[in-house]
1. Hey, does segment B:121-135 have a residue that's under 30 Å from residue B:54 (Cα atoms) and within 14 Å of chain A (Cβ to nearest Cβ)?
2. With (1) over 22 Å from residue B:79 (Cα atoms); (2) among the β-branched types (Val, Ile, Thr); (3) more than 14 Å from chain A (Cβ to nearest Cβ) as the list, and residue B:192 as the residue in question, which single condition is left unmet?
3. Could we say that residue B:161 is surrounded by fewer than 17 Cβ atoms within 10 Å (Cβ to Cβ), among the hydroxyl-bearing types (Ser, Thr, Tyr) and modelled with pLDDT of 95 or more here?
4. Quick one: which of A:153, A:143, A:99, A:107 is touching a Ser or Thr at 6+ places or on another chain (Cβ under 6 Å) and among the β-branched types (Val, Ile, Thr)?
5. Mind telling me which of the residues A:182, A:163, A:171 ends up being among the small types (Gly, Ala, Ser) and within 14 Å of another protein chain (Cβ to nearest Cβ)?
6. Would you mention how many residues in segment A:248-298 are under 21 Å from residue A:96 (Cα atoms) and either in a loop (DSSP other than H, G, I, E, B) or hydrophobic (A, V, I, L, M, F, W, C) (or both)?
Amino acid sequence: MLNRRQFGLSVAGTAAALGVGPMVGRAIAADKLKVGFVYVGPVSDHGYSYQHDLGRKHVAEHFGDRVETTYVENVAEGPDTERVINQLAAGGCGLIFTTSFGFMNPTLKVAQRFPKVKFEHATGYKRAANVATYSGRFYEGRTVCGLIAGKLTKSNIIGYIGSFPIPEVVSGINAFTLALRSVNPQAQVRVVWVNSWYDPGKEAAAAKALIDQGADILSQHTDSPAPIQEAEARGIYAFGQSSDMSRFGPKAHLTSIVDDWTPYYIQRVQAVLDGTWKSEDYWGGLATGTVILPPFNPSIPEDVRALATKAVEDIKSGALHPFTGPIKDQSGKVVVAEGKTATDPEILSMAYYVEGVQGTLPK
Amino acid sequence: MMDFLVLITVSVVIAATPMLFAAVGELVVERSGVLNLGVEGMMLIGAVVGFGVTMTTGSAVLGIASAALAGAALALIFAVLVLTLMANQVATGLALTIFGIGLSALIGAGFVGMPIAALPKLFIPGVSDLPVIGPLLFQYDAMVYLSIALTVAVGWFLKSTHAGMVLRAVGESAESAHSIGHPVIRVRYLATLFGGALAGLGGAFLSLSVTPMWAENMTSGRGWIALALVVFGSWRPGRVLLGAYIFGGVTILQLHAQGSGGLGMGLPSQVFTMLPYLATIAVLTIISAGPWRGRFQAPACLGQPFRPSV
């Protein structure tokens, strides 16, 4: 139960994967490319799976009748995964996106059985001749949020609601904190883990606890808009996650970290159509449009807005790397030396808090 | 510091209220001798119906009432299956939870991501703005007071009314109650419907007050905690109330401990997630094997089907 969304008790998901719910479209004329998508959550989650499905819709729109897309939602990470992927491959899909970390091994297993079918697995690290991997540099967006928070906080306490202490989330906390303290060395980040990707009640309680402790800005790496609602009710600011959450707190919402898979999906489908598809490891960020920030809250002052916009441009151009040394961990030890930047493997295995984060990282 | 304690207490009460509703309802069901494990499913149905009706009609009162009715409707399915058709209560209850999760997701598909206004907080001029006492006691929304009033009412009903005595008799010895002319099946039907209605209210409190929105599976196991609470409170409303606030308190305090850097005295936060269940197992062990055995017994006929022998 590590990476990727586990939407609570997935009894419903299991039922769906057993074949009660999902309908897999029938094979169609051979000249069309059929593209399959496998989601861990419901497409209606307004978060992680919703964003993947948005990418699928754009693929369908972009290629018109040259492709046909199909998806299976609510697929539990476990024995059912393999069956679902196998069904898609056997059903004539030429390209299959499996969008959750826990789908990794089943994807490779099915890929062996169908060497002509191309597979794309999100957020994993195992590849094969017909299995590519892809993910997003979400920490780049966190850097921009950190800058905004550093300029806007008055109490110098930022509340951060985490899901699971995995590198993806920890690197986000660190990127946020480094940027925060680069403009406001007094500011600190308090982290509360809720051990869930999606538990609105608990996320709301965590938000309450952090606000009660003096936080005047919240950031979250969980998927429900509950923290934004809480921030709105208490009259403070907050950053959203996964999709644009401004409608849940028009005054509180500063911006969100949104994953947009559309450009990548279109590019990869095109590659299959052109016959140029190769197994690769893709890690897109702000520059590729994989990570986007919805419009900033109009109440953000002009100078802060300019600072944030410049940071976005600099990260895109490569002039700014979120993990540029010297970076010290909580004990004061230098983890990234001056003049160096953290390498991708270092970011992908980050298991320490940087200076400025309060509390200890759960092991 | 005082203000801070008040804020924490308020969070604890809010975290406890959904479980309190559901647990008090289930308590009545179990005291009549019926074990309904479908609490989670009934809460979800209450949450989605309460949200949907409030959103479409604009009336929170109507939403809350519909949530109670929806929970009772799901309980009615359960009652027909186990009381009339004599199906196994445990299996049927589990099925009810799975059914409730799926059905609520289906009903709620169109409501995901829709914001509504939270229930208004009570505000009595002159009382609610008192320092400490005001925010501590007089600034919740109506459902919090309703949950406490219902707990007191259930306690009084079970202890001091004739109907309450009949209900207890049905749960302790259905045969005897039947032989002196009490309508066992009818009593159990009513108790099960009441339990469903309260579970529905608990769900509605989540979707209308705690986080005013609908999300699939938003109860996240609170129905199971409610079931554990009934055992923890050894089938007494007062103890269930206390237990609900203790369980709520554990949740909130561990979040605070993390935020303030202590990470709950060095314990991983998962331990705190386990605590309600550990406490329940401990209580269960104590009341079934310890020296207090017999004083806190479960209703003797709990979970047993009753077939009237004419």
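1. yes
2. All conditions pass for residue B:192, except number (1).
3. Numbers: surrounded by fewer than 17 Cβ atoms within 10 Å (Cβ to Cβ): yes; among the hydroxyl-bearing types (Ser, Thr, Tyr): yes; modelled with pLDDT of 95 or more: yes.
Yes: the conditions hold for residue B:161.
4. Numbers: A:153 fails: touching a Ser or Thr at 6+ places or on another chain (Cβ under 6 Å); A:143 fails: touching a Ser or Thr at 6+ places or on another chain (Cβ under 6 Å); A:99 fails: touching a Ser or Thr at 6+ places or on another chain (Cβ under 6 Å).
One residue alone meets the criteria, A:107.
5. On the way: A:182 fails: within 14 Å of another protein chain (Cβ to nearest Cβ); A:171 fails: within 14 Å of another protein chain (Cβ to nearest Cβ).
That would be A:163, the only listed residue that is among the small types (Gly, Ala, Ser) and within 14 Å of another protein chain (Cβ to nearest Cβ).
6. Taking segment A:248-298 first, the residues under 21 Å from residue A:96 (Cα atoms) are A:259-284, A:290.
Still in the list and also either in a loop (DSSP other than H, G, I, E, B) or hydrophobic (A, V, I, L, M, F, W, C) (or both): A:260-261, A:266, A:269, A:271-273, A:275-280, A:283, A:290.
The qualifying residues number 15.
Table: residues versus (1) of a type in the set (Gly, Ala, Ser); (2) assigned to a helix (DSSP H, G or I); (3) at pLDDT 95 or above.
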position: A:70; (1), (2), (3): no, no, yes
position: A:75; (1), (2), (3): no, no, no
position: A:106; (1), (2), (3): no, yes, yes
position: A:112; (1), (2), (3): no, yes, yes
position: A:119; (1), (2), (3): no, no, yes
position: A:126; (1), (2), (3): no, no, no
position: A:132; (1), (2), (3): yes, no, yes
position: A:135; (1), (2), (3): yes, no, no
position: A:142; (1), (2), (3): no, yes, yes
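Results for (1) modelled with pLDDT under 95; (2) within 14 Å of chain B (Cβ to nearest Cβ), shown as yes or no for each residue.
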{"position": "A:250", "(1), (2)": "yes, yes"}
{"position": "A:259", "(1), (2)": "yes, no"}
{"position": "A:264", "(1), (2)": "no, no"}
{"position": "A:289", "(1), (2)": "yes, no"}
{"position": "A:303", "(1), (2)": "no, no"}
{"position": "A:310", "(1), (2)": "no, no"}
{"position": "A:326", "(1), (2)": "yes, no"}
{"position": "A:354", "(1), (2)": "no, no"}
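The values are calculated or read from the model by the stated rules, or taken from the named source; none is laboratory data. Remember, it's a predicted structure, so these values are computed and weren't measured experimentally. Quick reminder, even Gly has a Cβ in these numbers, built from the backbone with ideal geometry, and neighbours come from all protein chains shown.
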